[in-house]
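Contents: one structure, followed by commentary.
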Amino acid sequence: MSNAMLESPASSAVAPAPPAGLLVVRGLRKQYRSGDKLLEVLRGVDFDLAPGEFVSVIGQSGSGKSTLLHLMGLLDGADSGSVHLAGRRVDDLPGRERDRLRNSAIGMVFQAYHLLPELTALENVLAPLMVRHGVWAWFRERGEARRRATDLLVRFGLGERLHHKPRQLSGGEMQRVAIARALVGGPRLLLADEPTGNLDAESGTGILDVLAALNRSEGLSIVLVTHDASIARRADRIVRLAAGRVETA
């Protein structure tokens, strides 16, 4: 019997290498229905983010920037294509696993701060850790969690605002609380959707300074969506979306 006949298909097959890079997006397509029409928002987007890289995604309103970020953050599913994080495909995971991944590996910041109005700044930052640990484990972990959350807020200049509720904070302060909340779980990746959109110029610059400092000092990988070219230039690299496609990189 020949060697070729002895060799099974499984033994001769070579498994494809996982995609390189921290975040790798391939061929993302997404449509939404508007009445009787289908609106094609993303038309086959490829995107790569290296560990420790700070990339801005820029484009006009309706170009697909926020949709792309939501797919990267596993908040929504694409019609086709794939999302890999640290060499592992993650967009096809069961819902509960995607939830756990968002809680531990992916931090998200939005234009609207999404703070819980009845909680203090410190309690808002602690909320993701409370969800992660569950009731009984939380009692064991709450001391260390509280120290971590407090350290982040102090680092962001909010040491005197720990026990203030959102209505007692300025827009810039609320966004820094939102960033601290996104980081308290120790994510490898931060996704920021127009994080300065509701802020005045001075407060917006302060938020960008915070993100740049985190990128430099912690090696945090960041994808920032914006329509503002001056904000986009704060990143290491700019990716431009136009009509649902990557135009330039």
Pick from the stretch 150-169, criterion under 21 Å from L211 (Cβ atoms) and basic (K, R), ranking: nearest to the chain's Cα centre (by Cα): R155
Scope the stretch 22-62; condition assigned to a loop (DSSP other than H, G, I, E, B) and crowded, with 22+ Cβ neighbours inside 10 Å; matching residues: G59
Of the criteria (1) over 13 Å from the mean Cα position of the chain (by Cα); (2) assigned to a strand (DSSP E or B), which one M108 fails: (1)
Top-ranked residue in the stretch 63-83 [being outside any helix (DSSP H, G or I) and over 21 Å from R96 (Cα atoms); ranked as modelled with the highest pLDDT]: G64
Selection from the stretch 102-118 of residues that are farther than 23 Å from E194 by Cβ and either charged (D, E, K, R) or in contact with a Leu (Cβ under 8 Å, 6 or more places away or on another chain) (or both): E118
Residue ID - surrounded by the most Cβ atoms within 10 Å (Cβ to Cβ), chosen from residues in the stretch 78-132 that are touching a residue at least 40 places away in the same chain (Cβ under 8 Å) and basic (K, R): R132
Subset of the stretch 214-238 [surrounded by fewer than 21 Cβ atoms within 10 Å (Cβ to Cβ), of a type in the set (A, V, I, L, M) and assigned to a strand (DSSP E or B)]: I238
Among the candidates L241, L211, L162, residue that is of a type outside the set (K, R), assigned to a loop (DSSP other than H, G, I, E, B) and either touching a residue at least 40 places away in the same chain (Cβ under 8 Å) or crowded, with 21+ Cβ neighbours inside 10 Å (or both): L162
Any hit, the stretch 166-176, residues being touching a residue at least 40 places away in the same chain (Cβ under 8 Å) and not in a helix (DSSP H, G or I): yes
Test: G143 is without any contact (Cβ under 8 Å) to a residue 24 or more places away in the chain, assigned to a loop (DSSP other than H, G, I, E, B) and of a type outside the set (A, V, I, L, M, F, W, C): no
Verdict on R147 being more than 20 Å from the chain's Cα centre (by Cα), among the basic types (K, R) and closer than 24 Å to L208 by Cα: no
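The values are calculated or read from the model by the stated rules, or taken from the named source; none is laboratory data. Not measured: the values here are computed from a predicted model. So basically every Cβ, Gly included, is an ideal-geometry build from the backbone, and we count neighbours across all protein chains shown.
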